[in-house]
Amino acid sequence: MSDIDQHNREIHENRAAWERKPVLRRIYRRLYDEIAAALPRDGKGLTVELGSGMGNIKEVLPACITTDIFPNPWLDCVENAYALSFGPQTVSNLILFDVWHHLQYPGAALREFRRVLAPGGVVLLMEPAAGLMGRTIYGFFHHEPLGLGKPIEWNIPENFDPAKQTYYAAQGNCWRLARHVSRLPLDQQPASFRDWEITNAKYFPALSYLMSGGFRGPQLYPDFALPVLQAMEKALAPLPALTAARMLVVLRPREST
């Protein structure tokens, strides 16, 4: 953990890479398309993205409200996952793209998400996946830790001030949620997750992203080779334990019984 301002510094660094790398824009456009395809179409509430960073989701979902914990001129408003400004049952779709693994206290965030979600609403996570390939690449070459061996702190500590967060990252947390926590018997799951269920989980090898160097590394293939890599990804997708490096997870509150 470190200074939360690191997050805003990374946003501005990423904008420079975004403009410099056309292939990165094409890769992310495909991921945004996956998000759009996974969203329910019958909700009447708002579509909100938390931790929007550069706000690029509007290229696919122009009505989406883009937010982050820092004000930036390209975003709609400032929001904090632990203390949202939206009223009860006003949000149909809550999108977190590379945000879940920055939530140090996910149970506290889930309680806030449940408060604002309208009936039938969903939380959609697009996150790093820790299949063997993703675990190897992220573990050795990414500046953020995987955190696979560290306990997840589900509950918020006493006297925690959401406005004074420190920088936290554990890239493996969504993988652990989908592949372990959600598969436990209900009485063994963290209390703050028992009211939720995963209704969809999709895994991507993301070779094209890994070999693009992302926002910080060198691109290892020419732009014209992108379709070839994406075809390889399609062939490798049925083996997530080995190949997954990206994942899309849809969370929905359990219906009361």
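One equal scatterer on each Cα of the chain, no solvent, Debye formula: the resulting log10 I(q)/I(0) at q = 0.07, 0.12, 0.16 Å⁻¹ is -0.23, -0.70, -1.34. Using a probe of 1.4 angstrom, how much of the accessible area of the stretch 48-91 is carbon and sulfur, in percent? That share works out to 60 percent. Taking every DSSP helix (H) stretch of at least 4 residues in the chain, weighting each as -39,500 (n - 2.57) and dividing the sum by the residue count yields a mean residue ellipticity at 222 nm of -9500 deg cm²/dmol.
This model, with +1 at the C-beta of Lys and Arg and -1 at the C-beta of Asp and Glu, gives the chain a dipole about its Cα centre of some 660 debye. Nonpolar atom fraction for the stretch 151-257, defined as the carbon and sulfur part of the 1.4 Å probe accessible area, stands at 57 percent.
The slack in the chain from residue 225 to residue 115, taken as 0.36 nm per residue of separation less the alpha-carbon distance, amounts to 35.1 nm. The stretch between residue 17 and residue 150 holds 44.8 nm of extra length on full extension. This uses 0.36 nm per residue minus the Cα-Cα distance. Peptides 201-211, 112-122, ordered by how many other C-beta atoms sit within 10 Å of their residues on average, highest first, read 201-211, 112-122.
What's the center-to-center distance, using Cα atoms, between the stretch 87-103 and the stretch 185-206 in Å? Here the two parts' Cα centres lie 15 Å apart. Full extension of the chain between residue 26 and residue 166 gives 47.2 nm of extra length, using 0.36 nm per residue less the Cα-Cα distance.
Which percent, to the nearest 5, of DSSP beta bridges fully inside the chain are antiparallel?
Values: 15 of 30 bridges.
In the chain, DSSP labels about 50 percent of beta bridges as antiparallel.
Calculated accessible area for the chain comes out at 48 Å² per residue, all protein chains present (probe 1.4 Å; ligands, DNA, RNA ignored).
The values are calculated or read from the model by the stated rules, or taken from the named source; none is laboratory data. Please read all numbers here as calculations on a predicted model, not as lab measurements. Reconstructed Cβ throughout: ideal geometry from the backbone, glycine too, with neighbour counts over all protein chains shown. These area figures cover heavy atoms from the full protein model, side chains too; ligands, DNA and RNA do not enter into them. Shrake-Rupley method; radii C 1.70, N 1.55, O 1.52, S 1.80 Å.
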